[in-house]
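Below is one structure, written out as structure tokens; the observations come after it.
The values are calculated or read from the model by the stated rules, or taken from the named source; none is laboratory data. Model, not experiment: these values are computed from the prediction. Here Cβ is always computed from backbone atoms with ideal geometry, including for glycine, and neighbour counts include all displayed protein chains.
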Amino acid sequence: MSNEDMSEENLPSEREHAHHGAVEPVGDPFADPGLPPHEPRRQDIDERTARRSERTVALLFTLSMIATVGFIASYVIFPIDKIVYIFPFGHVSALNFALGLTLGVALFAIGAGAVHWARTLMSDEEVPDDRHAIEASPEVREQVFADFRQGVKESQYGRRKLIRTTMMGALSLVPLSGVVLLRDLGPLPEKKLRTTAWRKGMKLINQNTDQPLRPEDIGVGSLTFAKPEGLSDDAENFQTVIAKAALMIVRLNPEDIKDKRELDWSHQGIVAYSKICTHVGCPISLYEQQTHHVLCPCHQSTFDLSDGGRVIFGPAGHALPQLRISVNAQGYLEALGDFEEPVGPSFWERG
Amino acid sequence: MKKLSARRRHPLAALVVLLFALAATGGLYAAFAPAEKAQADSAQSLATEEGKKLYSVGCASCHGTSGQGTHNGPSLVGVGAAAVDFQVGTGRMPAQQPGAQVPRKKAIYDQAQIDQLAAYIASLGPGPAIPTKQQYSPDGADIANGGQLFRTNCAQCHNSTGKGGALSEGKFAPTLDGVDPKHLYEAMLTGPQNMPNFPDSTMPQKEKKDIIGYLAQVDSSKSSSPGGLELGGLGPVSEGLFAWIFGLGAMITVAIWVAAHTAKARKS
Amino acid sequence: MSTASHEATDATARRGKAPAGERLADWADGRLGIYGLAKANMRKIFPDHWSFMLGEVSLYSFVIIILTGVYLTLFFHPSMQEVVYNGPYVPLQGIRMSEAFESTMHISFEVRGGLLIRQIHHWAALVFVAAMLVHMMRVFFTGAFRKPREVNWVFGFLLLVLGMFTGFTGYSLPDDLLSGTGVRFMEGAILSVPIVGTYLQMFLFGGEFPGHDFVSRFYTIHILLLPGIMAALLVGHLILVFYHKHTQWAGPGRTNKNVVGMPLLPVYMAKAGGFFFLVFGVIAACAAIATINPIWAFGPYRPDQVSTGAQPDWYMGFSEGLIRVMPGWEINLWGHTLQLGVFIPLIIFPLVLVTIAVWPFIEAWVTGDDREHHILDRPRNRPVRTGFGAAWISWYLILLVGGGNDLWATHFHLSINAITWTVRIGFFAIPALTFVITKRICLGLQRRDRDKVLHGRETGIIKRLPHGEFIEVHEPLPQDQMHTLTAHDQPEPLELGPDVDENGVRRKVDRKTKLRAKLSRSMYGEGAQIPKPTAAEHAEITSGHGHH
């Protein structure tokens, strides 16, 4: 639209400049000049521009309708398992992509239409509105307090001390029932966190093969995960048991083991450590076979498996518990008992 | 000082500040990043006969004249042909420089030369042999079982779909995207660098194949991501960045448009 | 027939002839009294500024989350019963998983549009909390929390905190390997609480971790308890926004006693209503093009499995940073263990949030200001507050870096240990540094404003004076701009007065007052604000002493 289309007489230049609350600046150069006069938009003075805005809004609403039809069509047409390659998004589900974009367009177009309508056709004249103090007037305040005092007096709450005391007692006791009802949310901790499923003579079962491990299976530099004998993956309590019993087995050259107790509890350099981090219980197992360090992927606690599982970095507070192992008569690795200390994160009663 | 303040309005002042900032950032980065220099020494021996010749040119300076190892490199006696095929085949060996970890790069030797080197190293002492195609091919693998094994044995370092992850002191578990199935198999078998090994005695051949099958399914250029952009497969961090940059960024852009004043008929 | 009833009949008769829409409105007014409400609100004025719409983004994302969440409940089974997967996703066929995980797989792969709704739900949740945080920062930096809006600030803050926990319980529901690791972390954190930790853990999980209960319990918390509280707070928040009327920027014609803008009907009805669709459209598009929380890639949760890169959703990232950079302190005494390595971060976690939440009350106490404030502060005009806010953001950001230290390490080829140490030092150093720098920038901007008011705008035109000197021509600002730049007030710092009173007796000044005076000096004393130009200064300069 060129400027010639806007005839000068349409411009309401003669309109009075409404200075809302204006103070004529006398001396003060920073005084509030008041609201500036409203400037018309093209749409306000030129019907052709306004009509173009109207068409744009209508187009957007129509686009939304088309997109909704597209949404329904996509829902019917695309099988749910159809994968298509769309640059740059990759191999994506055709259905998800089509539904999402059509829905997005259908919604966005409604919004864009409404906002364009508001911005170009609805009046954009800024008007002031008075504020009123939030707090009440002193009279109202007095009235409220008087009413309150009157009410309290009529209830005789202040005079009848016995009623007051017993009511307070009853009201403060009654929630206790609710608290008591929460007791059966779970069992008491007792010694549950102190023990795991490991017992003397239990064989170490390779989690990959479900077979008991022999010392000769485990080479230096290898990493193996084990669970206690008799624990089946489909057992009812498998998750809860493995959450404490998971083991990590590595073999070091016995001369590399710096900690004497670790050496005693190992078998020919094979050491079995708890896989559960002593920090907050992530399954720690990022084993670096050259440094013998094991790192936790959650919070980067680092333990030295050649030095009694000592913490060498990160937020863990104490060494990884080691399981005493040996070899039974059939030549299988077996536990010599449970862990000597609780596995996993520390707790108050741990000691 | 006065000169400086006089010049700060210079049109190029912003550029100078930017250059300083970039230099400072780069300096800081260099201070933290594991050292990086040196040059690839390309041993281009044309001797096709034995790996020993290749070895004495390309490897002996670090691993010793007969593979016994030096303080610059470990002994290669007994590492087996599979280790050589992995290390040289993925370009990790010969190493460019000492550092936290030797990264994967373009292989320097061709497969024939690698085979010669492997044959030579294998002759030094018994070790794992190069797997056959039948062993490592993802065809016929039990993908779901592979996934379960991957989550138990591998995901803690390599991420649940093999995108890699950080280890201590600048070391890292590399991404497994685009790694040859043969090299995947060899890595599990030999445990390169700080990676532990998973010998057949604790992880039978079939299970290695299953793991390779799982990776071929979820971590290849053909893997599908039904929901759209995978965002690196890195989880909530990249999702959060996306939500802030594209999600909230779009919201604010839209809000600016909604709240902006419409153009007036004439400039005031 | 009394006059009153006569009039009523008259009115009824008048109403009876009205068109259907009016009759319906009359019917409703007769029972609900809607006309009184409409009279007050239909033409209510809202000022226009993009930053006033950030709260709307949060509101609309919340609505989107509720809508999509209801849809998801139609298909989700909050059960930890173990089942074997037989669905279409090959890499998990035959794998044992909880029903929660299995039903989420069903939603993603077998319900048409289920994946889209899941993704909209999750993207909207990320945007929701992000928008709340940005909205809160807008309110903070502009001082919109001052009287009478302190209560609404607290409502908003509670919504942010509850939003974080609703998010946490939500992404834990599918019982996948990533979120399960997060729940395990939560279990460890609860265990670190002295004395009652183990009891809390047993009661929350119904026994030892993971047990069979937490998904169904989190489900109730996620879909009923927390959203219910949030909905109530949200309604209160909105009622207060209406009641207080919106704040506005200083400008010509805008005073503390009025609000200038456009009316609710029609402009804001269309703009705000339209904005809901815009927000929904953007989030739907996000869900179409980018995947979020692909649980099938993570696999079902098992306590003995983990994937590297175990991070929470972004809004929990700063707590993850706290826990990652904390040194491993642990005290063992008298048969008890205090795991400070977990417990201290657990305490700092709410403290980080409370630090920003209490600022309005500290500021109100220090200034002793009891006036209502409806004109927003420009951040530069309150350098201490702005510095504090920026310091808090930098604190939050450095913790986010700590929470993602492993990805920083792999993507920038850095050592994870070096990053952890940087964050440990940065935790203390960076907020202090940010405070100082921000405050100085604010003061610099105040000086520039002062300059502009007194000397005018730089025109970029260089003029050569007769005696050879070159000067840049400055053009005086129009009066509306001069007014805007000088509209803010500059409080005087609190003075303690003389040490002795008129009788020569030492005045007793309690410590609290001393502290207050000290804080007041640091906020408004010398060096904490640049005196804004006075009319006299302006007159002296513009009267022409050969300046221009």
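Odds and ends about this structure:
- Any chance B:Gly249 is farther than 30 Å from A:Leu213 by Cβ and in contact (Cβ under 8 Å) with a residue 40 or more places away in the chain: no
- Every residue from the stretch C:469-500 that is assigned to a loop (DSSP other than H, G, I, E, B), among the hydrophobic types (A, V, I, L, M, F, W, C) and in contact (Cβ under 8 Å) with a residue 24 or more places away in the chain: C:Leu477, C:Ala487, C:Leu494
- Criterion applied to C:Arg440, C:Arg448, C:Arg506 was being more than 30 Å from C:Thr355 (Cβ to Cβ) and modelled with pLDDT of 90 or more, and the one residue passing it is C:Arg448.
- A residue that is hydroxyl-bearing (Ser, Thr, Tyr) and facing chain C (nearest Cβ under 10 Å) cannot be found anywhere in the stretch A:318-336.
- Here the condition is being more than 9 Å from every other protein chain (Cβ to nearest Cβ) and either touching a Lys or Arg at 6+ places or on another chain (Cβ under 6 Å) or buried (at least 20 other Cβ atoms within 10 Å of the Cβ) (or both); of B:Asp210, B:Asp180, it holds for B:Asp210 alone.
- Residue in the stretch C:348-365 that is part of a loop (DSSP other than H, G, I, E, B), buried (at least 20 other Cβ atoms within 10 Å of the Cβ), assigned by TED's automatic domain parsing to the domain that holds C:Trp153 and not basic (Lys, Arg) present: no
- Among all residues of the stretch B:197-216, there is none that is at pLDDT below 90, under 29 Å from A:Gln300 (Cα atoms) and touching a Leu at 6+ places or on another chain (Cβ under 8 Å).
- Residue pairs whose Cβ atoms lie under 7 Å apart, sitting 6 or more positions apart in sequence or on different chains, and linking a residue in the stretch A:253-270 that is assigned by TED's automatic domain parsing to the domain that holds A:Leu336 and in contact (Cβ under 8 Å) with a residue 12 or more places away in the chain to a partner that is hydroxyl-bearing (Ser, Thr, Tyr) and surrounded by 12 or more Cβ atoms within 10 Å (Cβ to Cβ), are A:Asp256/A:Ser306; A:Ile257/A:Ser266; A:Ile257/A:Ser306; A:Lys258/A:Ser306; A:His267/A:Ser326.
- Residue match in the stretch C:245-252 (condition: farther than 27 Å from C:Phe145 by Cβ and among the hydrophobic types (A, V, I, L, M, F, W, C)): no
- None of A:Phe71, A:Phe97, A:Phe61 is in a helix (DSSP H, G or I), under 30 Å from C:His121 (Cβ atoms), among the aromatic types (Phe, Trp, Tyr) and in contact with a strand residue (DSSP E or B) (Cβ under 8 Å, 6 or more places away or on another chain) except A:Phe97.
- Evaluated against (1) in a helix (DSSP H, G or I); (2) in contact (Cβ under 8 Å) with a residue 12 or more places away in the chain, C:Val260 falls short on exactly one condition, (1).
- Residue in the stretch C:314-322 that is among the acidic types (Asp, Glu) and surrounded by fewer than 24 Cβ atoms within 10 Å (Cβ to Cβ) present: no
- Looking only at the stretch A:214-224, and only at residues there that are within 7 Å of chain B (Cβ to nearest Cβ) and among the aliphatic types (A, V, I, L, M), the one that is farthest from A:Gln330 (Cα to Cα): A:Leu223
- Selection count where residues are surrounded by 23 or more Cβ atoms within 10 Å (Cβ to Cβ) and either outside the structural domain of A:Ile325 (by TED's automatic domain parsing) or in contact with a Phe, Trp or Tyr (Cβ under 7 Å, 6 or more places away or on another chain) (or both), scope the stretch A:226-245: 2
- Among helices (runs of 4 or more DSSP H) entirely within the stretch B:124-182, having at least 3 residues that are within 25 Å of C:Met97 (Cα to Cα) and not charged (D, E, K, R) singles out B:143-153, B:155-158.
- Residue in the stretch C:48-71 that is modelled with pLDDT under 95, outside any loop (DSSP other than H, G, I, E, B) and touching a strand residue (DSSP E or B) at 6+ places or on another chain (Cβ under 6 Å) present: no
- The residue that is surrounded by the most Cβ atoms within 10 Å (Cβ to Cβ), among those in the stretch C:286-301 that are over 24 Å from the mean Cα position of the chain (by Cα) and at the interface with chain A (Cβ under 7 Å from one of its Cβ atoms), is C:Ala288.
- When each of A:Ile86, A:Ile72, A:Ile80 is tested for being surrounded by fewer than 21 Cβ atoms within 10 Å (Cβ to Cβ), at pLDDT 95 or above and β-branched (Val, Ile, Thr), the lone residue that passes is A:Ile72.
- Which numbered condition C:Phe209 fails, given (1) facing chain A (nearest Cβ under 7 Å); (2) in contact (Cβ under 8 Å) with a residue 60 or more places away in the chain; (3) in contact with a helix residue (DSSP H, G or I) (Cβ under 8 Å, 6 or more places away or on another chain); (4) part of a helix (DSSP H, G or I): (4)
- Being touching a residue at least 40 places away in the same chain (Cβ under 8 Å), aliphatic (A, V, I, L, M) and either out of contact with any strand residue (DSSP E or B) (no Cβ under 8 Å at 6 or more places or on another chain) or outside the structural domain of A:Pro254 (by TED's automatic domain parsing) (or both) holds for only one residue in A:Leu223, A:Leu193, A:Leu185, and it is A:Leu193.
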